[in-house]
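The structure appears below as structure tokens.
The values are calculated or read from the model by the stated rules, or taken from the named source; none is laboratory data. Since the structure is predicted, the reported quantities are computational estimates derived from the model, not experimental observations. Cβ placement follows ideal geometry from the backbone for every residue including glycine, while neighbour counts extend to all protein chains displayed.
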């Protein structure tokens, strides 16, 4: 049995009955718009093909070897050049009519951030336009990693990420929200996001009052190969119709991970 | 085989391993906070018990007899004394760690609505605090049904509901969003919400560009007994482990539906 799968940045057309199934659709990334990603590999490789987003694949990787172990429903958020959200619902990557693009939700402006117009080419000040790595750089005229740890920019950033977590909490009710990406490496960011989220939830709903924030907002722990691991698991499922819950050996982490992962299983 | 089920307003504790499972938790409704709803009926009725939210039950009713027929993943929104959102994912009511409370998400303020503080006792200006029926009444000092059809309040209302639909679209990617409730009965509201949603999505993602808005944002059609039908279907599933997809006879609609429905199946 063999199968081939791809975990890619999006937006991707993931609806098998859509005419553009397997294509990258509207992306600002030069040269990738309308790229027939799956078609390209389908012509080269004679095997069943699977495709999902990089973030859904990473979520699967976290489910197998990281902070998603033992959880049925959780969110995987990565904050870097964009803001991506992967979703596992009842143990499977959530697709719906297409995959989530939760980075593009809109939130109220954080205190102290009333002027910056945002950089999303589609929406201006959607979440990704206000809180991705490039948005931080545009707002402060320097890369986020150059901002001192006590710079007010970090509280603004935490406010937006906590706003995303609150929205995911209200809509998805996940068991955990795993947040990673370069922006989260700033010292104290997890604490800032947890505190801002507690304030935003404002004690609503007993089940939210008892959320253990240190446990609920967690860092990814499956390493930089989580996406490739998840893509490989997707190939496994495509070949066998089961998730490889018995896998016990992690892939090594890569020092230079890419957001486009191909995985083949023979 | 027999089973008993309840569809109730929330927030409910729906996690079977939680100590307060089956209770209504933090509600501003007088006399209902911490009410052990399921426990009360469990002591009276000797049968397997099931419980879900009124909106998830109504979504199941719409799946069987209304605007959700043939759809696997859709949202059911009702805008009345509160804003409730039910979610069917892959054909089953979505629970997660608990049920969605998407009425409490926060959105940017609509143009022309910068001053009204909102009425949610927990969050002030969350969606429910700004756009429920009582919020409209508090903002304009009259019930929504007394506002003339060309009153600017309707555009503000449509902006918030379209903001909810955009957020649900980005996170859930449903096949359809069914919106009902008293506020939607105002002439032209569906058109207003569809237009505002098209503007908000701003052409992002080819699969969203091709959304047929008249089809995507739809009215409920299963009648006022949708919630009771769904609760009955939940009892059926509890007894048989299957949804009653073969049911062909609708319950009559009720002129005075309640948001608390009990259903027994013997």
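Is there a residue being outside any loop (DSSP other than H, G, I, E, B), touching a residue at least 40 places away in the same chain (Cβ under 8 Å) and within 11 Å of chain B (Cβ to nearest Cβ) anywhere in region A:44-63?
Looking through region A:44-63, none of the residues is outside any loop (DSSP other than H, G, I, E, B), touching a residue at least 40 places away in the same chain (Cβ under 8 Å) and within 11 Å of chain B (Cβ to nearest Cβ).
Please specify each residue of region A:1-19 satisfying the condition of being within 12 Å of chain B (Cβ to nearest Cβ) and in a strand (DSSP E or B).
Residues of region A:1-19 that are within 12 Å of chain B (Cβ to nearest Cβ), as a first pass: A:10-15, A:17-19.
The one that is within 12 Å of chain B (Cβ to nearest Cβ) and in a strand (DSSP E or B): A:12.
Select from region A:187-231 the residues that are touching a strand residue (DSSP E or B) at 6+ places or on another chain (Cβ under 7 Å) and assigned to a loop (DSSP other than H, G, I, E, B) and list them in ascending order.
A:219, A:220
Could you please let me know if residue A:99 is modelled with pLDDT under 95 and under 30 Å from residue B:175 (Cα atoms)? Reasoning before the result, please.
Numbers: modelled with pLDDT under 95: yes; under 30 Å from residue B:175 (Cα atoms): yes.
Yes; evaluated as a whole, the condition is true for this residue.
Hey, does region B:65-78 have a residue that's assigned to a helix (DSSP H, G or I) and away from chain A (no Cβ under 14 Å)? Talk me through it step by step, then tell me what you get.
Step one: list which residues in region B:65-78 are assigned to a helix (DSSP H, G or I), which gives B:65.
Of the ones still in play, those that are also away from chain A (no Cβ under 14 Å) are B:65.
Scanning region B:65-78 turns up at least one residue that is assigned to a helix (DSSP H, G or I) and away from chain A (no Cβ under 14 Å).
Regarding residue A:22, is this residue in the same structural domain as residue A:227 (by TED's automatic domain parsing), farther than 17 Å from residue A:127 by Cβ, in contact with a strand residue (DSSP E or B) (Cβ under 7 Å, 6 or more places away or on another chain) and not in a strand (DSSP E or B)?
Here the answer is yes, as residue A:22 does meet what is asked.
Scanning for something more than 14 Å from chain A (Cβ to nearest Cβ), touching a helix residue (DSSP H, G or I) at 6+ places or on another chain (Cβ under 7 Å) and within 26 Å of residue B:8 (Cβ to Cβ), does region B:193-211 turn up at least one residue? Steps first, please.
Going through region B:193-211, the residues more than 14 Å from chain A (Cβ to nearest Cβ) turn out to be B:193-195.
Within this subset, residues satisfying the condition of being touching a helix residue (DSSP H, G or I) at 6+ places or on another chain (Cβ under 7 Å) are B:193-194.
Narrowing further to those that are within 26 Å of residue B:8 (Cβ to Cβ): none.
Scanning region B:193-211, I find no residue that is more than 14 Å from chain A (Cβ to nearest Cβ), touching a helix residue (DSSP H, G or I) at 6+ places or on another chain (Cβ under 7 Å) and within 26 Å of residue B:8 (Cβ to Cβ), so the answer is no.
Suppose we keep only residues that are without any contact (Cβ under 8 Å) to a residue 40 or more places away in the chain and within 10 Å of another protein chain (Cβ to nearest Cβ) within region B:22-43. Which one would you say is nearest to residue B:241 (Cα to Cα)?
Restricting to residues being without any contact (Cβ under 8 Å) to a residue 40 or more places away in the chain and within 10 Å of another protein chain (Cβ to nearest Cβ), the top hit is B:23.
Could you tell me which numbered condition residue A:132 fails, if it satisfies all but one of (1) touching a residue at least 40 places away in the same chain (Cβ under 8 Å); (2) surrounded by 20 or more Cβ atoms within 10 Å (Cβ to Cβ); (3) within 9 Å of chain B (Cβ to nearest Cβ)?
(3) is the only condition that residue A:132 fails.
Restricting the search to region B:79-99, which residues are more than 12 Å from chain A (Cβ to nearest Cβ) and either more than 10 Å from the chain's Cα centre (by Cα) or in a strand (DSSP E or B) (or both)?
B:79, B:81
Among all residue pairs at least 6 apart or on different chains, which show Cβ distances below 6 Å where the first residue, located in region A:100-124, is more than 11 Å from chain B (Cβ to nearest Cβ) and the second is modelled with pLDDT under 95 and part of a loop (DSSP other than H, G, I, E, B)?
From region A:100-124, no pairs qualify.
Among (1) more than 9 Å from chain B (Cβ to nearest Cβ); (2) within 18 Å of the chain's Cα centre (by Cα); (3) at pLDDT 95 or above, where does residue A:153 come up short?
Checking residue A:153 against (1) more than 9 Å from chain B (Cβ to nearest Cβ); (2) within 18 Å of the chain's Cα centre (by Cα); (3) at pLDDT 95 or above, the one that fails is (2).
Every residue in region A:195-215 that is over 24 Å from residue B:36 (Cα atoms) and surrounded by 19 or more Cβ atoms within 10 Å (Cβ to Cβ), please.
Result: A:196, A:197, A:200.
Limited to region A:125-149, what total is found for residues that are in a loop (DSSP other than H, G, I, E, B), farther than 20 Å from residue B:163 by Cβ and touching a helix residue (DSSP H, G or I) at 6+ places or on another chain (Cβ under 6 Å)? Let's see the steps before the verdict.
So the first thing to find is which residues in region A:125-149 are in a loop (DSSP other than H, G, I, E, B), and the list is A:125-126, A:132, A:141-143, A:147-149.
With farther than 20 Å from residue B:163 by Cβ added as a condition, the list becomes A:132, A:141-143, A:147-149.
Those still in the list that are touching a helix residue (DSSP H, G or I) at 6+ places or on another chain (Cβ under 6 Å) too: A:143, A:147.
Qualifying residue count, region A:125-149: 2.
Which of the residues spanning region A:169-180 are part of a helix (DSSP H, G or I) and either more than 7 Å from chain B (Cβ to nearest Cβ) or out of contact with any strand residue (DSSP E or B) (no Cβ under 9 Å at 6 or more places or on another chain) (or both)? Full working, then the answer.
At the first step, the residues of region A:169-180 found to be part of a helix (DSSP H, G or I) are A:169-172.
Of everything in region A:169-180, just one residue is part of a helix (DSSP H, G or I) and either more than 7 Å from chain B (Cβ to nearest Cβ) or out of contact with any strand residue (DSSP E or B) (no Cβ under 9 Å at 6 or more places or on another chain) (or both), namely A:169.
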